[in-house]
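The values are calculated or read from the model by the stated rules, or taken from the named source; none is laboratory data. All figures in this text were calculated on a predicted structure; none of them were measured in a lab. Glycine also receives a Cβ, built like all others from the backbone with ideal geometry; neighbour counts cover every protein chain displayed. The accessibility values were calculated without ligands, DNA or RNA, using every heavy atom of the protein model including side chains. Shrake-Rupley method; radii C 1.70, N 1.55, O 1.52, S 1.80 Å.
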Amino acid sequence: MPSAGDDDDDFLFRPVWETEDEEVPPGAPPRRQPAATPDYAHPLLAPLARAQHAVTRLDARAEAAAPVIAEGLRARLALREAAGWLAWARFSIHPRDLALRDAGLIGAYGPAALADRLAAELPATTAQGTIFELAPSDLAVHQALSMARYWRRLAEMRSWRPIADAAAMRELLALLGAGQPANDAEIAEWLADTSFRRPAAPALIQAGLGARAWMNRAAVKEPLTLDGIFLAACLWRAGGFGRAISLPFWLAPETQLNRLGPRVGIAWMAGFLECVTAAATAALGDLDRLQAVADKGISLATLTARSKLPAAFEAVLRAPVMTSAGLAKTLRISPQAALGLLRQMQAAGFIHEATGRASWRAFVAT
C-alpha cells in the first residue's frame with residue numbers, strides 16, 4: 001500500500017504540465033494589443049538595412065580574421081578615417097603620408113612649405129597629383145591623428161567607456177581636441193537626453209540621432225563635426241556592436257559627405273546611413289587586400305624556426321608603415337639586421353618603399 005511519502009515523491013517527479021493548477025485566476029485576462037503594421041515604405045528602411053548589413057559583415061569578418069590581420073586593418077582604417085575627415089575639411093592628404101607623420105618620419109608642413117620641400121614631405125599625396133597652394137594645417141593634421149588613435153582604442157579596449165559619465169566624456173572631448181569646446185552643462189544635457197536612447201531603436205539610428213543632437217548645440221549648429229561623429233561611434237559600440245572595429249564613416253566619398261551639409265531630419269539620417277554603408281564597404285575592400293597580402297606570405301611559414309622573416313612579415317602587416325628602426329625595436333634585433341629583413345621582403349615582392357628617399361626610408365605592404 002503506497003505511503004504518503006510515495007505520494008510526495010510522485011509529486012516531485014511528475015511533469016510540470018501535470019502539476020499546474022487548473023483553476024483560472026480571478027479577473028478577466030488582459031486584452032492583447034494589435035501589432036503595429038510595419039511601414040515598409042519608410043524612407044529610412046532601405047538605407048538602414050544596407051548600413052546594418054555592411055557594418056555587420058565588416059565587424060564579423062574582422063573578428064574572425066587572424067589577430068595580425070585585424071590589428072593591421074584597424075591601424076590602416078584609422079588613418080583612412082583621419083584622411084577622410086581632413087579631405088572633408090579641405091586638406092587632402094594620403095593616409096600613407098599620415099602614417100609617416102604619425103611615425104615621426106615627416107615634420108610640420110608649415111616649415112616644409114617655407115623651405116620649398118613640401119612635396120618631399122608628402123610623397124604619396126604628391127604622387128597622386130595633388131598640388132598645394134598652401135600648406136595643410138598642422139593643427140588639423142594633429143586633430144586627425146588624435147582621432148585615429150582613439151578610433152582604434154574604441155575598438156581595441158573593451159574597458160574604455162568614453163561616454164559613461166560627464167568626466168569620461170569631458171576627457172574624451174579634450175583628447176580629440178576638435179570642434180567648439182563644450183561646457184559642463186552641454187555635456188550633462190547630452191548625457192541626460194533620452195531622445196536618441198530608445199531601447200527599441202536600431203543602434204545605427206541611435207548613433208546618428210546622438211551625433212545630430214551633439215552637433216545641434218546652440219554654439220555649433222554644424223552638419224558634421226569630428227567629435228559628433230566620434231560620439232556616434234561611441235553610441236554604436238555602447239549598443240553592443242563594434243566587437244572588432246569602430247564605426248566607419250569618414251571613408252565615405254567626399255561627395256557623399258558634402259551632401260549631408262544642407263540636409264535635415266530624415267534626409268540627414270538617410271545620408272548618414274549612406275555614408276556608413278559606403279565607408280564599411282570600402283573597409284571590406286581594405287580587409288580583402290590585406291588578407292591577399294597575408295596569403296602571399298604563407299610560404300614564409302616553411303622557413304626554419306631561427307628565421308626572423310615570418311615575424312618581420314607579421315610586423316609589416318600590423319603597421320601601416322615600417323622602418324628599419326621600428327622593426328628592430330619590435331623584433332629586438334639590430335637596425336642592420338632589420339634592414340636586411342626588409343630588403344629580403346622587398347626582393348620577394350611582399351613590401352615596397354614608400355618615401356622615395358635614400359635614407360630614413362619606410363616600407364609598406366604591397
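Here Glu254 qualifies as under 19 Å from Ala124 (Cβ atoms) and either under 22 Å from the mean Cα position of the chain (by Cα) or modelled with pLDDT of 95 or more (or both). For the residues Gln291, Gln256, the requirement of being among the polar types (S, T, N, Q) and closer than 30 Å to Met215 by Cα singles out Gln256. I'd like the residue in the range 221-243 that is loosely packed, with under 15 Cβ neighbours inside 10 Å and at positive phi and, out of all such residues, is modelled with the highest pLDDT. If we take residues in the range 221-243 being loosely packed, with under 15 Cβ neighbours inside 10 Å and at positive phi, then Gly240 is modelled with the highest pLDDT. Only a single item in (1) open to solvent by 30 Å² or more (accessible area, probe 1.4 Å); (2) closer than 23 Å to Pro47 by Cβ; (3) assigned to a loop (DSSP other than H, G, I, E, B); (4) not aliphatic (A, V, I, L, M) is not met by Ser246, and it is number (1). Of the helices (runs of 4 or more DSSP H) lying entirely inside the range 50-126, those containing at least 2 residues that are in contact (Cβ under 8 Å) with a residue 12 or more places away in the chain and under 23 Å from Leu176 (Cβ atoms) are 67-88, 95-102, 109-114. Report yes if some residue within the range 150-164 is farther than 19 Å from Thr225 by Cβ and of a type in the set (S, T, N, Q); otherwise report no. Yes, some residue in the range 150-164 is farther than 19 Å from Thr225 by Cβ and of a type in the set (S, T, N, Q). For the list (1) open to solvent by 30 Å² or more (accessible area, probe 1.4 Å); (2) touching a residue at least 24 places away in the same chain (Cβ under 8 Å); (3) over 19 Å from the mean Cα position of the chain (by Cα); (4) closer than 30 Å to Ala119 by Cβ, I need the number of the one condition that Gly177 fails. Here Gly177 clears every test but (3). Within the range 133-156, if we keep just the residues that are open to solvent by less than 60 Å² (accessible area, probe 1.4 Å) and not in a helix (DSSP H, G or I), the residue that is farthest from Glu81 (Cα to Cα) turns out to be Ala135. Check whether at least one residue in the range 107-117 is among the acidic types (Asp, Glu), open to solvent by 60 Å² or more (accessible area, probe 1.4 Å) and either touching a strand residue (DSSP E or B) at 6+ places or on another chain (Cβ under 7 Å) or closer than 22 Å to Trp250 by Cα (or both), and report yes or no. No, the range 107-117 contains no residue that is among the acidic types (Asp, Glu), open to solvent by 60 Å² or more (accessible area, probe 1.4 Å) and either touching a strand residue (DSSP E or B) at 6+ places or on another chain (Cβ under 7 Å) or closer than 22 Å to Trp250 by Cα (or both). Is it the case, given these coordinates, that Ala144 is within 21 Å of the chain's Cα centre (by Cα), of a type in the set (Gly, Ala, Ser) and modelled with pLDDT of 90 or more? So Ala144 fits the description; yes.
Reported count of residues in the range 343-355, each being within 29 Å of the chain's Cα centre (by Cα) and closer than 20 Å to Leu105 by Cα, is 5. If the condition is being outside any helix (DSSP H, G or I) and crowded, with 20+ Cβ neighbours inside 10 Å, then the range 249-259 contributes Phe249, Trp250, Leu251, Ala252. The set of residues from the range 257-300 being β-branched (Val, Ile, Thr) and either modelled with pLDDT under 95 or within 20 Å of Gly72 (Cα to Cα) (or both) comprises Val264, Ile266, Thr281, Val293, Ile298.
Filtering the range 131-166 to residues that are among the β-branched types (Val, Ile, Thr) and within 19 Å of Leu105 (Cβ to Cβ) leaves only Val141. Tell me yes or no: at least one residue of the range 199-215 is out of contact with any helix residue (DSSP H, G or I) (no Cβ under 6 Å at 6 or more places or on another chain), β-branched (Val, Ile, Thr) and open to solvent by 50 Å² or more (accessible area, probe 1.4 Å). No, there is no match, as no residue in the range 199-215 is out of contact with any helix residue (DSSP H, G or I) (no Cβ under 6 Å at 6 or more places or on another chain), β-branched (Val, Ile, Thr) and open to solvent by 50 Å² or more (accessible area, probe 1.4 Å). Taken over the range 77-94, the criterion of being over 16 Å from Leu257 (Cβ atoms) and surrounded by 23 or more Cβ atoms within 10 Å (Cβ to Cβ) is satisfied by Leu77, Ala78, Leu79.
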